[in-house]
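As structure tokens, the structure follows; a few thoughts come after it.
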Amino acid sequence: MDVALERIRKSYGGTAVLHEVSVTLRGGRVHGLVGENGAGKSTLARILCGAVPADSGHVAVDGARVSLRSPRDALRRGIALVTQEGAIVPALSVADNVLLGVPSGRRPRGLRDPAGDRRRLAGLARRTGFDLDPSARAGDLSSAHRQQVEILRALARGARLIALDEPTALLPRSAAADLLRLLRELAGREGIGIALISHRLDEVLETCDVVTVLRDGRHVRTAPAAGLTRDGLLRDMVGRPVEVLYPEPEPVPDGAPVMLAARGLSRGRAVRGVSLDVRAGEIVGLAGLVGSGRTETLRLIFGADRPDRGEVTIAGRPATGGGPSRAMALGAALVPESRAAQGLVLVRPTTENLALAGLPDRRRLGLVRRRAERRAVRETADALGIRGAGLDRPAWTLSGGNQQKSVFGKWLVRAPRVLLADEPTRGVDLAAKARIHRLIVGMAAQGVAVLLASSEVEEVLGLAHRVIVMRDGRPAGEFPRGAAGAEEVLAVAGLR
Ligand SMILES: Nc1ncnc2c1ncn2[C@@H]1O[C@H](COP(=O)(O)OP(=O)(O)OP(=O)(O)O)[C@@H](O)[C@H]1O
Ligand SMILES: [Mg+2]
């Protein structure tokens, strides 16, 4: 099945976000869609699956124009969209999520045929290699498994074109590799068309047959992946050559004071006796596999969770048990891993979100402070390249990546002394990633103590003065800058 997006235009509040974009997605082909944060990728995918209407242009299936008024409409035509937000119903079981609405055997509408359902689920499990408990409640699943439910749901409905919006952003390496292999198989073996939106250009080049680049809502190029390179794609995305090397951190000054100290931090099975020091101006990386305790360690240090045992000292003052307000009062900031849930008040303007963390009692601000605040907000938005329909619009109108930059930005406005950053560049485009890297290194150069957790080993190795490798809730090894490569770190982390 071929699906053509023809001269699609879309504006929000007078700002054009797609300008006559045309792309043809073919059955049996994996089609990459890349572009900077805010380029219009998700909007195009939403139009493709009937979630938002185009202002003009149309969608044609096998040459015939169709009108897609809802995702359900699109699914009836064989077009499905898999997103991180997901379309599954948390209260229902895996089986119900996958099969509800799919005709069941010869039963009358609404009545299910349990044996038929089981057969169907088993067939889907064989096709995909997914191993999910059909009776599990979907809301209890990890995000990776919820994504699998969504893919099964699309396949159960006979989808012939599946678009996936950043499907690997939240997955650990090995799971990402499995998913990409499955997408290739679905295309190769079953002739299903795949549209893959991703910021990981290496995976795009490896997985896709063709790649389309969008820039500022315009179609820049569609070309076979075989003739493309990462640098070439980046140039097309950004419109100029881009520097993606890691910036070198400044050496930590002799005698720099310890700004953050943890002693014997423990909580349940997640964190078991973590002790570490971070000095002013130092970037300490926390590496480790998913589930190794990185995120939980940062949350304990910040006071977002209570430790069973252990102590935290921030800027020389005890912070244990004081909660986030105490940590913040002592100058600590946490950029959380889960941004949508913890980072932003989506219905409030972006400007306000950026200002919120900075000034806890904004109501009592005088005019001068307000002006200073507004300037700080604007400078931060510029430094991070936060772009969208307007900074005075609600944060939910920002593209995914721009929302993530905003979460980082709101802590920058606050000018912390201790920065706890959990996956600070997940979901942002490569140019923005380089910006955030420069900001982190710049903050350290000004004396901020940084504890940086990332599942990208290269990021930790590239930025940190020192890398602590976590395994099963404990520090399992430590490397000074330059002493280890990704392989060694992953070996200590327990991969292979
Ligand atoms: N509902 C909306 N109201 C106003 N503006 C919107 C809305 N939805 C999207 N936009 C704007 O449209 C532009 C394109 O957003 P889109 O989400 O398609 O980008 P994207 O390429 O998916 O970016 P990312 O890589 O960050 O996910 C952005 O400038 C965004 O702010
Ligand atoms: Mg997007």
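Of the beta bridges in the range 258-493, as assigned by DSSP with both residues counted there, near 55 percent are antiparallel. Overall, the range 3-238 carries a charge dipole of about 880 debye about its Cα centre when +1 sits on the Cβ of Lys and Arg and -1 on the Cβ of Asp and Glu, all other atoms neutral. Can you bin the range 116-245 into rounded, prolate or oblate? Criterion: square roots of the alpha carbon gyration tensor eigenvalues sorted a ≥ b ≥ c, rounded for a/c under 1.5, prolate for a/b above b/c, oblate for the rest. Prolate. Annotation: the antiparallel percentage among DSSP beta bridges lying fully within the chain is about 55. Simple point charges give the picture: +1 on the Cβ of Lys and Arg, -1 on the Cβ of Asp and Glu, and for the chain a dipole about the Cα centre of about 1580 debye.
Using +1 at the C-beta of Lys and Arg and -1 at the C-beta of Asp and Glu, which of Ser56, Ala187, Ala287 has the Cα lying farthest in the positive direction of the dipole of the chain? Farthest along the dipole direction, towards plus: Ser56. Per-residue ellipticity at 222 nm computed for the chain from its helices equals -10500 deg cm²/dmol, with DSSP H segments shorter than 4 residues left out and the rest contributing -39,500 (n - 2.57). By accessible area, using a 1.4 Å probe on protein heavy atoms only, the range 258-493 has 49% of its surface on carbon and sulfur.
Of the DSSP beta bridges with both residues in the range 3-238, give the percent that are antiparallel, rounding to the nearest 5.
On the way: 22 of 39 bridges.
Looking only at bridges with both residues in the range 3-238, the antiparallel portion is about 55 percent.
Annotation: peptides 427-438, 230-241, ranked by per-residue average of other Cβ atoms within 10 Å with the highest first, follow the order 427-438, 230-241.
Using only the Cα atoms of the range 258-493, build the gyration tensor, take square roots of its eigenvalues as a ≥ b ≥ c, and label the shape rounded, prolate or oblate: rounded if a/c is under 1.5, else prolate if a/b is larger than b/c, else oblate. Each step should come with its number before you reach the end.
Values: a/c = 1.86, a/b = 1.44, b/c = 1.29.
It is prolate, given that a/c is not under 1.5 and a/b is the larger ratio.
Here Lys405 is the anchor, and the aspartates and glutamates within straight C-alpha reach of less than 15 Å, apart from those fewer than 8 places off in the same chain, are Glu36, Glu337, Glu352, Glu379, Asp382, Asp422, Glu423, Asp429. The alpha-carbon of Lys410 sits under 28 angstrom from the alpha-carbons of these lysines, leaving out residues fewer than 8 places away in its chain: Lys41, Lys433. Helix 400-414 and the longest principal axis of the C-alpha atoms of the chain enclose an angle of approximately 10°. Computed from backbone phi with θ = phi - 60° and the Karplus coefficients 6.51, -1.76 and 1.60, the 3J(HN,Hα) list for the range 121-131 is 5, 5, x, 5, 4, 5, 4, 9, x, 6, 10 Hz; x is used for glycine and proline.
Backbone phi angles across the range 464-480, fed through the Karplus curve with coefficients 6.51, -1.76 and 1.60 (θ = phi - 60°), yield HN-Hα couplings of 8, 6, 7, 10, 9, 9, 9, 8, 6, x, 10, x, 10, x, 9, 10, x Hz in residue order; Gly and Pro are listed as x. Here the translational diffusion coefficient of the chain follows from Stokes-Einstein with Rh set to the Kirkwood radius across Cα pairs; for 20 °C and 1.002 mPa s it amounts to 89 µm²/s.
For the range 3-238, the carbon plus sulfur part of the accessible surface works out to 48%, probe radius 1.4 Å.
Hey, what angle do you get for helix 143-156 against the long axis of the chain, alpha-carbon based, 0 to 90 degrees rounded to 10? Here the helix axis deviates by roughly 10 degrees. Annotation: amide H-H contacts under 5 Å for Ala163 (H modelled 1.01 Å from N, sequence separation of 5 or more, or interchain): Ala80, Leu81, Val82, Ala195.
Heavy-atom accessible area per residue, the range 3-238, 1.4 Å probe: how many Å²? Spell out each step's value before the answer.
On the way: 10940 Å² over 236 residues.
Per-residue value: 46 Å².
For the range 258-493, the solvent-accessible area with a 1.4 angstrom probe is 41 square angstrom per residue. Once a ≥ b ≥ c are taken as the square roots of the eigenvalues of the Cα gyration tensor of the range 245-289, is the result rounded (a/c under 1.5), prolate (a/b larger than b/c) or oblate (a/b not larger than b/c)? Oblate, because a/c is 1.5 or more while a/b does not exceed b/c.
The values are calculated or read from the model by the stated rules, or taken from the named source; none is laboratory data. Being a predicted model, the structure only gives us computed values, none of them experimental. Glycine gets a Cβ as well: all are built from the backbone with ideal geometry, and neighbour counts include every protein chain shown. The area values use the complete protein model at the heavy-atom level, side chains included, leaving out ligands, DNA and RNA. Shrake-Rupley method; radii C 1.70, N 1.55, O 1.52, S 1.80 Å.
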